[in-house]
Amino acid sequence: MDFNVKKLASDAGVFFTRAVQFTGEKFGQVEKTELDAHFENLLSRADSTKNWTEKIFRQTEVLLQPNPSARIEEFLYEKLDRTVPSRPNNGELLGHYMQDAAKDFGPGTPYGSTLIKVGDCERRLGGAQREFLQTSAISFLAPLRNFLEGDWRTISKERRLLENRRLDLDSSKARLKKAKLAESKAAAVPDFQETRPRNYVLSASASALWSEEVDKAAHELRVAQTEFDRQAEVTRLLLEGISSTHVNHLRCLHEFVEAQTAYYKQCYLHMQDLQKELGSVCCLSMTISTVISYALSSNGDVFPNAFAGNPGLSMASSGSSPQGNATLPQDAASAVETDTLKIEEVQAPATGTRKAKVLYDYDAADTSELSLLADEVSTLAHIPFFVHASDSFSQVCPCKARICGLIAGSCTV
């Protein structure tokens with residue numbers, strides 16, 4: 001207990017001495033040991049690295065997890081050393097809701113089937129986002145956090161210790177200066193006419209005491225200078241390690257960019273596949289509507305210049321007169337202005353109907369369309385746009401539809 005009391009008294013004395021020195025420096029009443037310019041530059045660079053790393057770290061967290069409540073929850077789980085429970089992200093939730101809605105509306109309806117496709121794509125996007133978050137947290141956020149919570153704490157601790165050693169050094173310098181000043185006053189030759197012999201004896205004794213005090217203060221100054229130099233070297237080595245920290249963060253930044261690139265590329269591919277899938281369904285809807293509207297038209301107009309590129313093909317509308325007026329669609333008329341087939345040259349087809357095999361299932365969106373099943377063979381009324389499988393359909397069909405071409409290519413006539 002006696003040892004603890006002495007240590008407590010000694011620590012209190014050191015703290016009081018440092019506080020007096022610090023206060024004197026703030027008021028400009030005492031001298032302060034200045035660090036060299038290179039050391040000051042290292043300190044400034046370290047402070048700048050810490051500040052910007054912290055800002056980048058916080059903003060990256062906001063980018064990866066915009067919900068502040070979720071970030072606080074993850075922080076608490078991390079501090080409690082517990083695993084964060086897995087929860088679906090926004091994309092996965094949206095996909096789940098779309099698929100549930102499709103089940104309610106009916107997966108066989110056009111809206112329901114589209115909801116299923118879009119919902120599946122959203123769930124894949126959510127999975128890609130989850131993978132991106134995990135990769136970024138490991139390759140980018142973790143090194144930044146390790147620097148802030150590990151390396152920077154060590155640097156800050158050594159800097160505080162260096163500041164204490166500097167205060168002790170400056171206090172020792174001030175104590176030695178005061179002791180030398182008092183010794184010089186005590187060593188001065190007294191005036192025997194004004195000084196009594198008794199005071200002269202006391203003055204000589206005080207001079208000896210101040211000499212001992214000077215020797216003690218000089219010894220403390222040497223010790224303080226040694227400790228300060230040692231601590232300054234340790235702190236300098238840590239501050240110079242900031243360069244390797246920059247190199248490490250640069251590598252992590254490249255990995256973060258690669259993860260972002262892979263994530264957005266994956267999202268682009270998912271959306272491109274979805275767009276193609278939805279586009280094919282939309283194209284099939286437009287094709288069926290156009291074909292049926294022409295096939296079932298009441299006046300039975302023919303489109304001779306649709307076959308300008310294939311003069312061997314002769315097709316006419318069932319029940320139409322050879323002298324009937326030919327009506328051209330606006331998009332087909334401009335393509336063959338210079339080479340128009342006369343109506344007298346058009347021959348009637350061998351049969352008024354054609355058979356086509358359906359390649360894909362299709363649900364009619366409205367009353368102007370037909371619902372079709374895959375592998376079904378349908379008998380169609382005479383349609384000028386459908387040609388034999390051996391002919392080039394893309395040069396004949398005005399709509400230029402890919403799905404339409406596949407159907408025509410399966411024609412059994």
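The values are calculated or read from the model by the stated rules, or taken from the named source; none is laboratory data. Just so it is clear, the structure is predicted and the values come from calculations on it, not from any experiment. No Cβ is skipped: glycine too gets one built from the backbone with ideal geometry, and neighbour counts run over all protein chains shown. Heavy atoms of the whole protein, side chains included, go into the accessibility calculation; ligands, DNA and RNA do not. Shrake-Rupley method; radii C 1.70, N 1.55, O 1.52, S 1.80 Å.
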XL table LYS32/LYS178; LYS117/LYS355; LYS32/LYS185; LYS117/LYS357; LYS177/LYS216; LYS173/LYS216; Cα-Cα > 19 Å flagged, in table order, is LYS117/LYS355; LYS32/LYS185; LYS117/LYS357
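With a cut-off of at most 16 other beta carbons within 10 Å, and DSSP calling the residue loop, which trypsin sites (Lys or Arg not before Pro) in region 4-99 qualify? Please list them.
Of the trypsin sites (Lys or Arg not before Pro), the ones in loops of region 4-99 whose Cβ has at most 16 other Cβ atoms within 10 Å are LYS32, ARG82.
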Per-residue accessible area, 1.4 Å probe, largest first, puts ASP47, ASP366 in the order ASP366, ASP47
THR83 and LEU161 label points (each 7 Å along its Cα→Cβ direction) are spaced in nm at 3.9 nm
Under a 1.4 Å probe, counting only protein heavy atoms, ILE138 has an accessible area in Å², nearest 10, of 130 Å²
